[in-house]
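What follows draws every value from the coordinates through simple rules; no lab data is involved. Just so it is clear, the structure is predicted and the values come from calculations on it, not from any experiment. With ideal geometry, Cβ positions are generated from the backbone for all residues, glycine too; neighbour counts draw on all protein chains shown.
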Amino acid sequence: MPRRRLMHWHPNPGATLNSQILAEACSCAESLGGTKDGRWKTSIISCRPITRDSMGAGGRLPPDVPGELLGVALHEHPGLYFSILRTHRLVLQADAAFPHVMEKLQSYKARVSLDFEGFQYQLGDFCLRIGKCAPNNSETMRGIIMEVEYYPLSSIEKSRAIMVDFFDIWQETLAKKSLPGRFIHVESNFSEYGLSDHYSFQHTAVQYATCLQQLMAVRA
Amino acid sequence: MRGAGAEQISILVRTIVESKASSNVLRYFYGIGYKLDHEILKVGFAFRFQRGAQFTVTVTSANKMPKLHATDEAVQVTPGIQLVEITAPAAANNYNDVVSAVTSFCEYLAPLLHLSKPGNSTGIVPTAGAAAASLM
């Protein structure tokens, strides 16, 4: 499947996020010749372990149980669900019933849900998805992200140069708006997750988990 | 089964949640703190069809393995005896219809099956061939 690269907005020190940055990024896509062709959405669900009284003093967990599971739901593929165990560098691909399995097992419970959503633009061989990250049912913007998809190639290595070239053009165009920050791409270590050079949904899920970590770090 | 009418219903009702998963699913469950208790290899056939409800009929033998994941060395738990399971999903709004569809299908199949206790096979029903022919 076509290779995708996820970037997030890194504000300058002291600067804040606002919808004007998002609007400028969208108009930048249009000025490059992009045609808006719909909306997109990805959700990340953070699941925490359910502690039980039987687990001893204060209901603490056994030390080797991970503190967090990340669920990723790609709305363009509603039949799929991904669960990421960062501590073990594991990305599980399952179907939409999997959250119900976890609920029945009563070992982890969904705590926070974040929606990444916005508009999608077609630009020649590329597809740009620009949007904001906000908690489910809240308008508070936690981040601004951009996904670039390159249709002709699935190989991550082979598409690296063209992705960098595209990003350079994008940065140059956006720089003219003098916005207080810039988009950055943080590499995900795909091989640590056992993923190959051939791009897949699991790569997308891992990139969203990496992006979330970056967004949370910026806020801290 | 619990509640009013439980004695009249001759089938087992369970809540089942199923999900497909990628091949790293065992490592995932070990990762979140589960430990392997036992494994069983089920070998057989599954049939799916619509007959008043969405049926799945499986005919399987359960097999134990001397070592973890050693599917080539599997040994039947009940040699010569297989498990026939007839299942259909039901929701609150079609529950009674599914129950009657499953019950009637089971009656339809009954002449073909002999109930056996493990270690004590009653063999194939002598009239199985004729019963099957009459059903077709």
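Taking 21 Å as the limit for the C-alpha separation, the pairs A:104/B:67; A:132/A:177; B:35/B:64; B:35/B:67; A:104/A:132 exceed it in the case of A:104/B:67; A:104/A:132. Summary: within chain B, the longest segment free of trypsin sites (Lys or Arg not before Pro) located in DSSP loops with at most 10 other C-beta atoms within 10 Å is B:68-136.
At 20 Å minimum axial length over the Cα atoms and a Kyte-Doolittle cut of -1.0, report the qualifying DSSP H helices in chain A, or say none. Within chain A the helices that satisfy the rule are A:156-175, A:201-219.
Computing Rg and the Kirkwood Rh from the Cα coordinates of segment B:38-134 gives a ratio, Rg/Rh, of 1.04. Paramagnetic label reach from residue A:162 (point 7 Å along Cα→Cβ; backbone nitrogen cut-off under 16 Å): within segment A:101-134, residues A:122-128. Shown here: chain A, whose C-alpha atoms stretch 60, 39, 28 Å along the first, second and third principal axes, sorted largest to smallest.
In terms of its alpha-carbon gyration tensor, segment B:9-63 comes out prolate; a/c meets the 1.5 threshold, and the first ratio a/b outweighs b/c.
Within 15 Å, Cβ to Cβ, of residue A:151, how many net charges do the neighbouring residues add up to if Lys/Arg are +1 and Asp/Glu are -1? Numbers along the way, then the final one.
On the way: positive: A:3, A:4, A:5, A:129, A:158; negative: A:37, A:76, A:125, A:147, A:149.
Its environment carries a net charge of 0.
For segment B:58-76 versus segment A:135-153, the inter-centroid distance based on Cα atoms is 47 Å. Neighbours of residue A:177, meaning other residues whose beta-carbon lies under 15 angstrom from its beta-carbon, give a summed charge of -1 when Lys and Arg score +1 and Asp and Glu score -1. Determine the sum of side-chain charges near residue A:95: Lys and Arg each +1, Asp and Glu each -1, restricted to other residues whose C-beta is under 14 angstrom from that of residue A:95. Residues close to residue A:95 contribute a combined charge of 0. In chain A, the DSSP-assigned H stretches of four residues or longer account for a calculated mean residue ellipticity at 222 nm of -9000 deg cm²/dmol, using -39500 (n - 2.57) per stretch and the full residue count as denominator. Helical content alone sets the calculated 222 nm signal of chain B at -6500 deg cm²/dmol, taking -39,500 (n - 2.57) per DSSP H segment of four or more residues and averaging over every residue. When only Cα pairs below 8 angstrom with a gap of at least 6 residues are kept, chain B shows a relative contact order of 17 percent.
Using a cutoff of 8 angstrom between alpha carbon atoms and counting only pairs six or more residues apart, the relative contact order for segment A:1-139 works out to 28 percent. Ordering B:63, B:33, B:49 by the projection of their Cα atoms onto the charge dipole of chain B, which places +1 on the Cβ of Lys and Arg and -1 on the Cβ of Asp and Glu, puts B:33 at the extreme positive end.
Please identify the longest segment of chain A free of exposed trypsin sites (Lys or Arg not before Pro), where exposed means a DSSP state other than H, G, I, E or B and no more than 16 other Cβ atoms within 10 Å.
Details: sites that count: A:52, A:60, A:89, A:176, A:177.
In chain A, the maximal stretch lacking such sites is A:90-175.
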